[in-house]
1. Which strands (runs of 3 or more DSSP E) sit wholly inside the range 307-356 and have at least 2 residues that are in the same structural domain as residue 294 (by TED's automatic domain parsing), over 20 Å from residue 42 (Cα atoms) and more than 25 Å from the chain's Cα centre (by Cα)?
2. For residues in the range 262-296 being in contact with a Ser or Thr (Cβ under 8 Å, 6 or more places away or on another chain) and in a loop (DSSP other than H, G, I, E, B), which is farthest from residue 250 (Cα to Cα)?
3. Pick from 259, 297: which is surrounded by fewer than 17 Cβ atoms within 10 Å (Cβ to Cβ), farther than 19 Å from residue 235 by Cα, in contact with a strand residue (DSSP E or B) (Cβ under 7 Å, 6 or more places away or on another chain) and touching a residue at least 60 places away in the same chain (Cβ under 8 Å)?
4. What is the number of the single condition among (1) in contact with a Pro (Cβ under 9 Å, 6 or more places away or on another chain); (2) not assigned by TED's automatic domain parsing to the domain that holds residue 370 that residue 293 does not meet?
5. Go through (1) closer than 23 Å to residue 315 by Cα; (2) of a type outside the set (Lys, Arg); (3) in the same structural domain as residue 93 (by TED's automatic domain parsing) and name the single condition residue 264 misses.
6. Taking only the range 149-194 into account, find how many residues are under 24 Å from the mean Cα position of the chain (by Cα) and either among the charged types (D, E, K, R) or not assigned by TED's automatic domain parsing to the domain that holds residue 13 (or both).
Amino acid sequence: MSDNAAKPANIKKTALYDTHAKCGAKLVEFAGFWMPVQYRGIIDEHRKVRSSVGVFDVSHMGEFEFRGKAAGKFLQRLTINDVSKLAEYQAQYSAICYPDGGIVDDVIVYRWPDRYMMVVNASNIEKDFAWLSEHKMPEVDLSDVSRQYSLLAVQGRNAQATLQKITSVNLANVKYYWFASGEIAGVTAFISRTGYTGEDGFEVGFAAPHSETVWNAIFDAGKEFGLEPIGLGARDTLRLEMKYCLYGNDIDQTTNPLEAGLGWITKLAKGDFIGREAMAKMKTAGISRKLAGFEVEGKNIARHDYPILKDGAKIGHVTSGTFSPSLEKSIGLGYVASGYAAAGTDLEIDIRGRAIQARVVKTPFYQRPY
């Protein structure tokens, strides 16, 4: 494939790099890894996940393990959600914040019987690990096991039926944001009912050397459903239809969870944690801007950082935008002054010097029909 030729050696590869190339993937550099951005085409792949089932290689994500007597207490201090509420084999969406409330990263915390695990964004692995290490308490063992794991996301209404063929774990008993330890195709794995698409589905983690075995078994199991590999391009359009934040676009160190619509994971009443004081003050004073979803007139795409206007005056900026394959509309997210964040508010997007009509709408943009 000339598209994938002469790639610099300093960019990392997941264990399935060669498999993606054989599948005809267009491979691009993303977060320091060569990753498949698309195979058959973003719109077709998007619709495959919405209508049946698809598989994403998300092995570029990072995994940290926390052991020791104080592991739970440490995570309670470093994350904004309430770790004390986690039962064994339960997962929790959360974030790590700076003292000023800016977001270090958004993460998922998993509670095992003997340890905790955190999945972090690929672009933030080194930064996150350094931040956690800097604040580490006694009686906590922290390790970066990112390269030991592969992680596959099997997403869509036929995900459970696909995976059930190759595991003895009763997947019907694994609730949303819970996980099980077992085997997939004879390989020891954790199977988590989580995902980034808004569809039913699972994320499956296992030792990286078994990647091809698990990948092939999932594809054999999913043949009857027309299972396909899905790239990062469709992953982005799927998550945007759900108003799921992307770190580096919709959230970063200059944004805080309250203005990003993540107040539901910000547990100010749980006790002290890094960023709590700043966010408590913000909540009392009132949030000056909010992350809002909007639809754009016609097929114009609102790109990252485009100005958002009201009657010609700038009131915010776009963070993410795309053409929604499910809705067949142009949609986007952006921070706007709080007074303009209500659904039904008419705005304009400055698209290369033209003021294009837009309207704030209720999110998520997409509601799954099952």
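1. Numbers: elements: 307-310, 313-324, 329-337, 346-351.
Per the criteria, 307-310, 313-324, 346-351.
2. 273
3. Numbers: 259 fails: surrounded by fewer than 17 Cβ atoms within 10 Å (Cβ to Cβ).
Sole residue among the options that is surrounded by fewer than 17 Cβ atoms within 10 Å (Cβ to Cβ), farther than 19 Å from residue 235 by Cα, in contact with a strand residue (DSSP E or B) (Cβ under 7 Å, 6 or more places away or on another chain) and touching a residue at least 60 places away in the same chain (Cβ under 8 Å): 297.
4. Exception for residue 293: condition (2).
5. Status for residue 264: all satisfied but (1).
6. 3
Condition check ((1) surrounded by 14 or more Cβ atoms within 10 Å (Cβ to Cβ); (2) part of a helix (DSSP H, G or I)) across all residues:
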{"position": "131", "(1), (2)": "yes, yes"}
{"position": "138", "(1), (2)": "no, no"}
{"position": "147", "(1), (2)": "yes, yes"}
{"position": "150", "(1), (2)": "yes, no"}
{"position": "154", "(1), (2)": "yes, no"}
{"position": "160", "(1), (2)": "yes, yes"}
{"position": "163", "(1), (2)": "yes, yes"}
{"position": "166", "(1), (2)": "yes, no"}
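Per-residue answers, yes or no, for (1) touching a Phe, Trp or Tyr at 6+ places or on another chain (Cβ under 7 Å); (2) under 20 Å from residue 151 (Cα atoms); (3) buried (at least 23 other Cβ atoms within 10 Å of the Cβ); (4) of a type outside the set (Ser, Thr, Tyr):
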residue: 182; (1), (2), (3), (4): no, yes, no, yes
residue: 197; (1), (2), (3), (4): no, yes, yes, no
residue: 203; (1), (2), (3), (4): no, yes, yes, yes
residue: 209; (1), (2), (3), (4): no, yes, no, yes
residue: 241; (1), (2), (3), (4): yes, no, yes, yes
residue: 253; (1), (2), (3), (4): yes, no, no, yes
residue: 265; (1), (2), (3), (4): yes, no, no, yes
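The values are calculated or read from the model by the stated rules, or taken from the named source; none is laboratory data. Model, not experiment: these values are computed from the prediction. So basically every Cβ, Gly included, is an ideal-geometry build from the backbone, and we count neighbours across all protein chains shown.
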